[in-house]
Structures are given as C-alpha cells and as structure tokens.
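The values are calculated or read from the model by the stated rules, or taken from the named source; none is laboratory data. Computed from a predicted structure; not experimentally measured. Cβ coordinates were reconstructed from backbone atoms using ideal geometry, including for glycine residues, and neighbour counts include every protein chain displayed.
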Amino acid sequence: MRKLLVTLALTVLFLPLLWLMPAQAADLGAGEAIFKANCAACHMGGGNVVNGAKTLKQGDLEKWDMASVAAIKNQVINGKGAMPGFGAKFNAEQIENVASYVLDQASKGW
C-alpha cells in the first residue's frame, strides 16, 4: 500500500512537468529524405526551377516572409502557384521535419 501511495504521489508531482518539457526536435535526416524524394526535382540545391526569384535560399525566404518553420509548413501543406500541397500526403511530423530541414539548409547556404 505504501509503494502505491509513493508511486501515486510521484506521478501527481511529475506529471505536470510533461507539459513544460520542450517538444522533440525535428528529425532533419527524415526531413532530408522527404525533401530528396518529393521536393528536390524543383528545389535542387535550394533553387526553384519554376520561379527563380522564389528560391529556398535564406535571402529569398526572408524577402518573401517564408523564413520560419511555420511559414514553410503552411506552404508544404497548402501549396501555392505551381507548387502542389502535400497536406494529404504527409503527416504533421513529416511536414515539421521537411520544413525544419529546409530552414536548416537555408541557414547553411544549401
């Protein structure tokens, strides 16, 4: 009985900490795999074969208000112009991974 009470007390004390813990970091390796399989045909090396003015390079991402994971996720999910949306193809984690990969590569100059 004492063991049960101790376990219960510890659970009550530490369970709220789960909400305070940061989210898991994106898996850049998984994001890279998704990018290579689905995005690289049009965005090889951070470029854009359809619209050369809107690349995935840091300067262009900043210029077009796309220099955040949230903005890139929105673009991946919904598409825009010639780019199709991938919201039905990938789950939230996969989209987070590929958006984080794009932003990471942009910060490194591709």
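Here are some notes:
- Filtered by the rule that a residue be of a type in the set (D, E, K, R) and either touching a residue at least 24 places away in the same chain (Cβ under 8 Å) or over 21 Å from N97 (Cβ atoms) (or both), the range 36-67 gives K54, K57, D60, E62, K63, D65.
- Looking across the range 41-57, the residues that are crowded, with 17+ Cβ neighbours inside 10 Å and assigned to a helix (DSSP H, G or I) come down to H43, G46.
- Test: D60 is within 14 Å of I34 (Cβ to Cβ) and either of a type in the set (F, W, Y) or part of a helix (DSSP H, G or I) (or both): no
- Identity of the residue in the range 80-93, within 15 Å of the chain's Cα centre (by Cα) and in a loop (DSSP other than H, G, I, E, B), that ends up surrounded by the most Cβ atoms within 10 Å (Cβ to Cβ): F86
- Residue-level check: of (1) farther than 20 Å from S107 by Cα; (2) hydrophobic (A, V, I, L, M, F, W, C); (3) at pLDDT below 95, V50 misses just (3).
- Filter result for A37 (modelled with pLDDT of 95 or more, among the aliphatic types (A, V, I, L, M), touching a Phe, Trp or Tyr at 6+ places or on another chain (Cβ under 9 Å) and part of a helix (DSSP H, G or I)): no
- Tally of residues being over 17 Å from C42 (Cα atoms) and either in a loop (DSSP other than H, G, I, E, B) or of a type in the set (A, V, I, L, M, F, W, C) (or both) across the range 94-106: 1
- Within the range 63-79, the residues that satisfy the criterion of being part of a loop (DSSP other than H, G, I, E, B) and not aliphatic (A, V, I, L, M) are W64, D65, S68, G79.
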